[in-house]
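Accompanying notes for the structure given below.
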């Protein structure tokens, strides 16, 4: 499967606090051995952008409404 292509996978099942709490991003950075300021988050929701900011990470908002398959 695709999981072998990733160094870490952190999702809602791995955290106690959902977005906009920064836990999911902080756990991801820790799993990769990175400082949060070394991370860039791509998000399609304001709660995720807020969570990235609270984690000390830069983020890029991706407006998924403008994407097509």
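Here, each number is a calculation from the coordinates, and none is a lab measurement. Because the structure is predicted, anything quoted here is derived from the model rather than measured. So basically every Cβ, Gly included, is an ideal-geometry build from the backbone, and we count neighbours across all protein chains shown.
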(Q) Condition first: in a loop (DSSP other than H, G, I, E, B) and out of contact with any helix residue (DSSP H, G or I) (no Cβ under 6 Å at 6 or more places or on another chain). Can you find one or more residues in segment 46-58 that meet it? (A) no
Q) Can you spot a residue in segment 22-30 that is surrounded by 10 or more Cβ atoms within 10 Å (Cβ to Cβ), within 12 Å of the chain's Cα centre (by Cα) and in a strand (DSSP E or B)? A) no
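How many of the residues in segment 59-69 are closer than 19 Å to residue 25 by Cβ and in a loop (DSSP other than H, G, I, E, B)? Steps first, please.
Let us first name the residues in segment 59-69 that are closer than 19 Å to residue 25 by Cβ, namely 59-62, 64.
From the residues that got through so far, the ones that are in a loop (DSSP other than H, G, I, E, B) too are 62.
Residues meeting the conditions: 1.
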(Q) Criterion first (surrounded by fewer than 18 Cβ atoms within 10 Å (Cβ to Cβ) and either at positive phi or free of Cβ contacts under 8 Å to residues at least 24 places away in the same chain (or both)) does residue 59 satisfy it? (A) no
